[in-house]
1. What size of dipole, in debye to the nearest 20, comes out for segment 1-100 about its Cα centre when the only charges are +1 on Lys and Arg C-beta atoms and -1 on Asp and Glu C-beta atoms?
2. For segment 92-97, in order, what is each residue's ³J(HN,Hα) by Karplus, 6.51 cos²θ - 1.76 cosθ + 1.60 with θ = phi - 60°, in whole Hz (x at glycine and Pro)?
3. Can you list the HN-Hα couplings for segment 45-62, worked out from phi with the Karplus curve (6.51, -1.76, 1.60; θ = phi - 60°), rounded to whole Hz and with x for Gly and Pro?
4. Express the carbon and sulfur contribution to the solvent-accessible surface of segment 35-101 as a percent, rounded to the nearest whole number, probe 1.4 angstrom.
5. Using only alpha-carbon positions, what ratio does the radius of gyration of the chain give when scaled by 2.2 N^0.38 Å?
6. Rolling a 1.4 angstrom probe over the protein heavy atoms, how many square angstrom per residue are accessible across segment 28-147?
7. Any idea how far apart ALA48 and VAL61 come out in nm if each label point goes 7 Å out from Cα toward Cβ?
8. In nm, give the distance between the simple-model label positions of LEU6 and ALA113, each being 7 Å from the Cα along the Cα-to-Cβ direction.
Amino acid sequence: MRRERLWIRWLWVASLGLVLFGLAMALLNRTPLFDVFNRAIDPRFWPAGLPPGAASFQGWVYGAWGATVAGWGLTSAFVVRFALSRRQPWAWWALVTGIGVWFVIDTALSARAGVWVNVGLNTFLLAVFAVPLAAGARFWLKGSLEP
């Protein structure tokens, strides 16, 4: 039971971390806080520098992307808190398949475009969620362990 609580807390914190990261991306993407992303991504698409209008487009794209990440994190948090913690097996399957679909498609597209910073971020996030989901699978796939 202790390990199950550890994995639930881990997933809860990871999900809330996604919410915060998404909100930061949506609201702070045009600040120096996100320069590290821009420096890693911009030269891949604009080797000679950003053309007119590209910075405005980036602000919109990162805003929409951040809102999506925040929504994904909030959905995960609710699934973890109100379904997985009650050992409802569908919640485990929902998280695993949703994360799997996101990871494969997003990471493949990022690799094809040469956006290695996103490949690295995706791999990190996959590990953050995969560790507790794999470790706790025996609790959640059986439903309640009570006789």
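The values are calculated or read from the model by the stated rules, or taken from the named source; none is laboratory data. No experiment lies behind these values; they were computed from the predicted model shown. Glycine also receives a Cβ, built like all others from the backbone with ideal geometry; neighbour counts cover every protein chain displayed. SASA here: full protein model, heavy atoms, side chains in, ligands and nucleic acids out. Shrake-Rupley method; radii C 1.70, N 1.55, O 1.52, S 1.80 Å.
1. For this selection, approximately 580 debye.
2. Along segment 92-97, the couplings run 4, 4, 4, 5, 5, 6 Hz.
3. Ordered by residue, 3J(HN,Hα) equals 9, 10, x, 8, x, 5, x, x, x, 5, 5, 5, 4, 4, x, 5, 4, 5 Hz.
4. Here carbon and sulfur together make up 71 percent of the probe-accessible area.
5. 1.21
6. Ligands and nucleic acids excluded, the result is 57 Å² per residue.
7. With each label point 7 Å from Cα toward Cβ, the separation is 1.8 nm.
8. Result for the modelled spin labels: 3.8 nm.
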